[in-house]
Structures are given as structure tokens and as C-alpha cells.
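J.: Structure provided below as C-alpha cells; questions to follow.
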Amino acid sequence: FIASMPLFLTFALSFLFSIFTVKYLLKPFFIVLTLLSSSVFFAAYQYNVVFDYGMIENTFQTHPAEALMYVNLASITNLLLTGLLPSYLIYKADIHYQPFFKELLHKLAFMLLMFVGIGIVAFFYYQDYAAFVRNNSELRRYIVPTYFVSSASKYLNEHYLQTPMEYQQLGLDAKNASRNPNTKPNLLVVVVGETARSMSYQYYGYNKPTNAHTQNQGLIAFNDTSSCGTATAVSLPCMFSRMGRADYDPRRANAQDTVIDVLSHSGIKVQWFDNDSGCKGVCDQVENLTIDLKSDPKLCSGQYCFDQVLLNKLDKILAVAPSQDTVIFLHIIGS
């Protein structure tokens, strides 16, 4: 049974991708597929990453500096051996095409042969495959290239092919009830960090002093909270939407105002300063700034900046007393 798996996958993938063995399409298609598959294979092998919908979304929305952090000798070597070299061989391959109808008959005959091969394997091992797939359903996510192609197709369909939802403004009647012109304006600084495991925080019961620097500052840890996902592209839009984890819909979230927008509607000044991979749309309608990777040679390497660069920016802002209630968001690259 185990020995039949490579054979079954060969039959199935050959049947599927033979559809694209068309003149003028064959080489470009398989070269692109080979290069993408090479990168996906390396990420899965090296980092145990599954290229599902969320990872495809992350890939499309990441910025060059973040992507460059994964460029190293191992990834370049993998791309050369499993991506560029096979792609070059595909490019140099001398393929002789038959007249259209003869080529079509050959293709149909090949697909029929692959289908028969699938049928033979299924005839002998159907029960084994049924039980194996039922008990190991997550393994399909590691099949390259079918799973990442399926995930990418879903992402492209939802973000580029579907009719955009009508944008909905929320909280246009919001008022800043706490504003008193006779008192000093309020200033709130919100630090939005990268994903971290709550079980590794001393605040949540971890027995090691992981929060030694802040444990005596009277911080309040909210225990009954959860993120919509570990990816920034998922967690940020969900965090600032009016939806919860159970009913979160990314398309709907992108088509309506966020909490940040409602704060702005109420007359509160809102600013967003980013040292990570962007605000994923939640700050688009307020003042926002992404830290220049060359802004501070001491704190920036050209690929990323230490989060202290945000404090330097904050110091400059606080040097001038705010004239109105203000909320400042600092999106840090650390957790």
C-alpha cells in the first residue's frame, strides 16, 4: 500500500497537469509552477510551513524587507537545485508538436492511460486509501503543488475576481464624551505586537520570569481574549473590526470602518506608526507612517529596524503637547 502512493500521485498529477501541455503554454506554465513549488517545498521542509489560504494571504501582503529575512545560503541553494536547474531543462527541452487533432488524440490517450492507472491502484487499495485519508486528512496540505495552487486560487478569487462589497461607514455619530476643553487632553499609546504564545507569559501563569521588566508596573493582563489568527494579515483586521473570532469575515471587515475609524469620527486624533508589515488596511483613513528602513543607521540594518526607532518617533511627537485627545498606535516587529 505505502509503495503505491508515489505511483498514485504520479498518475493523478500527470492526469491533472496534462491539461496544460499546450503549445505556447506548456513551458511558461511548468517553469512558473516549478519555481513556486521549489520555494513552497523549502518552506515546508525547513520551517514546517503549510501554504494554506492564510499563508498565501501573508505571502501576497508581506513587504520586501520581511521576505529578504528568509533569503540565505540554504534557500538559495534549494532554489538553484530544485527550481532554476529544472526550469532551465524545461526551457531547453526540444518538444515536437503534432498537428492539432493528432496532438489532441495523443493527449486524450495519455489522460485515459493515467486514469486507468488511478483506477488500478484504487481497485487494489481503495479501502486502505479511504482509511488513510480519513485518519490523516492534514497530509493533503503537504502535497506540492496541488494544495498551494488550490489555496492561491481561492485567495485570488476572493480578492480580485469577486465583486467588491459596498463599503459601510460605521459610527459616524460617535462622540468623545470624555472631552473637557478645560482639562489637559488625553493621550493613549497602544502598542500592537507580533504573535506571541500566552502560555509563555508570566502574566498567564508561566513559571519562568519572562516578564521581569514589567511585572512591577501594575499591568493588567486580559485572560479571556483570543486572536483570529497568528498571521498579521488576519489578526489585525479582525482585532479592529466589530466582528469576533467566531463570525469574522475578511471581505466584510475590509468593506467597513474599523474601531480606528470610529475613534477618528468622534473627533479624537488618531496616528499609526508602523515598524512591521503594514496595518493591513486598518489605518488607511487616518494619519499613518511606515518607518523608513534607512531612517536610523544605529537601529536599522536596511532589512528591518529595532522597535526602539518607534520610541524615538514618539519622543518627537510628545515634545509638542497635543491640542486634542489623541490615540497613537505603535505597530512593533517584536512581541
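J.: Would you point out which residue out of Ala177, Ala130 is assigned to a loop (DSSP other than H, G, I, E, B), out of contact with any His (no Cβ under 7 Å at 6 or more places or on another chain), surrounded by fewer than 15 Cβ atoms within 10 Å (Cβ to Cβ) and hydrophobic (A, V, I, L, M, F, W, C)?
T.: Sole residue among the options that is assigned to a loop (DSSP other than H, G, I, E, B), out of contact with any His (no Cβ under 7 Å at 6 or more places or on another chain), surrounded by fewer than 15 Cβ atoms within 10 Å (Cβ to Cβ) and hydrophobic (A, V, I, L, M, F, W, C): Ala177.
J.: Scan region 25-41 and report the pairs whose first residue is touching a residue at least 60 places away in the same chain (Cβ under 8 Å) and whose second residue is crowded, with 19+ Cβ neighbours inside 10 Å and in a helix (DSSP H, G or I), with Cβ atoms within less than 7 Å and a gap of 6+ or a chain change.
T.: Ile31/Ser87; Val40/Phe148
J.: Which condition breaks for Tyr206 when tested against (1) assigned to a loop (DSSP other than H, G, I, E, B); (2) farther than 30 Å from Gly334 by Cα?
T.: Every condition holds for Tyr206 apart from (2).
J.: Give Val71, Val22, Val40 a once-over and let me know the one that is within 30 Å of Ser301 (Cβ to Cβ) and in a loop (DSSP other than H, G, I, E, B).
T.: Criteria check complete, one pass: Val71.
J.: Further question on the same structure: Write out, first by first residue and then by second, each pair whose Cβ atoms fall under 6 Å of each other, whose residues are 6+ apart or on separate chains, and whose first residue, in region 217-228, is hydrophobic (A, V, I, L, M, F, W, C) while the second is modelled with pLDDT of 85 or more and surrounded by 10 or more Cβ atoms within 10 Å (Cβ to Cβ).
T.: Final answer for the pair search is Ala221/Tyr203; Cys228/Val234; Cys228/Ser235; Cys228/Cys238; Cys228/Arg245; Cys228/Tyr248.
J.: Just to verify a result, which residue in region 75-100, among those that are touching a residue at least 60 places away in the same chain (Cβ under 8 Å) and part of a loop (DSSP other than H, G, I, E, B), is nearest to Val32 (Cα to Cα)?
T.: Going through the qualifying residues, I end up with Ala93.
J.: So which residues in region 42-74 are over 20 Å from Tyr142 (Cβ atoms) and in contact (Cβ under 8 Å) with a residue 60 or more places away in the chain, if there are any at all?
T.: Phe60, Gln61, Thr62, His63, Ala65, Glu66, Leu68, Met69
J.: Looking only at region 178-197, filter to residues that are at pLDDT below 85 and over 22 Å from Lys280 (Cβ atoms); which one of those is farthest from the chain's Cα centre (by Cα)?
T.: Asn182
J.: Can you tell me how many residues in region 228-249 are surrounded by 14 or more Cβ atoms within 10 Å (Cβ to Cβ) and within 15 Å of the chain's Cα centre (by Cα)?
T.: Counting residues in region 228-249 that are surrounded by 14 or more Cβ atoms within 10 Å (Cβ to Cβ) and within 15 Å of the chain's Cα centre (by Cα) gives 10.
J.: Can you work out which of the residues in region 30-69 that are of a type in the set (Phe, Trp, Tyr) and exposed (fewer than 15 other Cβ atoms within 10 Å of the Cβ) is farthest from Pro86 (Cα to Cα)?
T.: For region 30-69, the residue satisfying everything is Phe60.
J.: Sticking with this structure for a sec: Pairs, please: C-beta under 6 Å, at least 6 apart or cross-chain, first residue closer than 23 Å to Lys269 by Cβ and in region 165-178, second assigned to a loop (DSSP other than H, G, I, E, B) and polar (S, T, N, Q)?
T.: Short answer, once both residue conditions are applied: Ala174/Ser266; Lys175/Ser266; Asn176/Ser266.
J.: Taking the options Ser335, Ser323, Ser264, Ser295, name whichever one is loosely packed, with under 13 Cβ neighbours inside 10 Å and closer than 24 Å to Thr183 by Cβ.
T.: Criteria check complete, one pass: Ser323.
J.: Checking the conditions here, which among Leu108, Leu139, Leu113, Leu156 is at pLDDT below 90 and part of a helix (DSSP H, G or I)?
T.: Criteria check complete, one pass: Leu139.
J.: So which residues in region 273-296 are under 21 Å from the mean Cα position of the chain (by Cα) and touching a residue at least 40 places away in the same chain (Cβ under 8 Å)?
T.: Of everything in region 273-296, those that are under 21 Å from the mean Cα position of the chain (by Cα) and touching a residue at least 40 places away in the same chain (Cβ under 8 Å) turn out to be Phe273, Asp274, Asn275, Asp276, Ser277, Gly278, Cys279, Lys280, Gly281, Val282, Cys283.
The values are calculated or read from the model by the stated rules, or taken from the named source; none is laboratory data. Quick caveat: nothing in here was measured; it's all calculated off a predicted structure. Neighbour counts are summed over all protein chains in view; Cβ atoms, including those assigned to glycine, are modelled from backbone coordinates with ideal geometry.
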